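Since the structure comes first, as structure tokens, the remarks are kept for the end.
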Amino acid sequence: RPYAEALFKAATAGAGMDLASTADWVDELAAIAANPQLRQLADNPKVTADQVFAVVTGVARSALPDTAKNFLRTVIDNGRLAALPEVAAQFRALVNGRSG
């Protein structure tokens, strides 16, 4: 939940982000992170965080903004990639709560 809240706070602080596009890339990253093969790769101790980051950004269907890349790197560096689908759901709930 802290990741979703921090991202929501950043997206609503007028930091050049809009909630709809942020929700889109969070959802996309969550879908990628939910892939069992990616999870297996990320859990492999011989694979570096940079390698996991490169795979995720490489399979993303759209070019990720810097904010998305920074968020993804933080999630990966903290070993929380598996939590990304839940983070996306929590973020979406915060967005929906704000827009009614």
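Selection of segment 76-91 for residues being open to solvent by 80 Å² or more (accessible area, probe 1.4 Å) and assigned to a helix (DSSP H, G or I) yields Asp77, Glu86.
Under the condition of being open to solvent by less than 20 Å² (accessible area, probe 1.4 Å) and at pLDDT below 90, the residues counted in segment 49-66 number 0.
With respect to Val52, is the statement that it is in contact with a Lys or Arg (Cβ under 9 Å, 6 or more places away or on another chain) and either under 22 Å from Ala89 (Cβ atoms) or charged (D, E, K, R) (or both) true?
In short, no.
Considering segment 44-66, the residues that are outside any helix (DSSP H, G or I) and touching a Leu at 6+ places or on another chain (Cβ under 8 Å) include one that is nearest to Thr12 (Cα to Cα), namely Leu64.
Lys9 falls short of the stated requirement of being part of a loop (DSSP other than H, G, I, E, B) and out of contact with any Phe, Trp or Tyr (no Cβ under 8 Å at 6 or more places or on another chain). Would you be able to say whether some residue in segment 67-75 is small (Gly, Ala, Ser), open to solvent by 40 Å² or more (accessible area, probe 1.4 Å) and part of a helix (DSSP H, G or I)? No, because not a single residue in segment 67-75 is small (Gly, Ala, Ser), open to solvent by 40 Å² or more (accessible area, probe 1.4 Å) and part of a helix (DSSP H, G or I).
One line per residue, one yes/no per condition, for (1) within 14 Å of Val26 (Cβ to Cβ); (2) in contact (Cβ under 8 Å) with a residue 60 or more places away in the chain; (3) hydrophobic (A, V, I, L, M, F, W, C):
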{"position": "Phe53", "(1), (2), (3)": "no, no, yes"}
{"position": "Gly58", "(1), (2), (3)": "no, no, no"}
{"position": "Lys69", "(1), (2), (3)": "yes, no, no"}
{"position": "Leu72", "(1), (2), (3)": "yes, no, yes"}
{"position": "Val87", "(1), (2), (3)": "yes, yes, yes"}
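Inspection of segment 19-33 finds a residue satisfying the criterion of being closer than 22 Å to Arg1 by Cα, of a type outside the set (Gly, Ala, Ser) and open to solvent by 50 Å² or more (accessible area, probe 1.4 Å).
The values are calculated or read from the model by the stated rules, or taken from the named source; none is laboratory data. All values reported here derive from a predicted model rather than from experimental measurement. Glycine also receives a Cβ, built like all others from the backbone with ideal geometry; neighbour counts cover every protein chain displayed. Quick note on the areas: whole protein, heavy atoms, side chains included, nothing else; ligands and nucleic acids left out. Shrake-Rupley method; radii C 1.70, N 1.55, O 1.52, S 1.80 Å.
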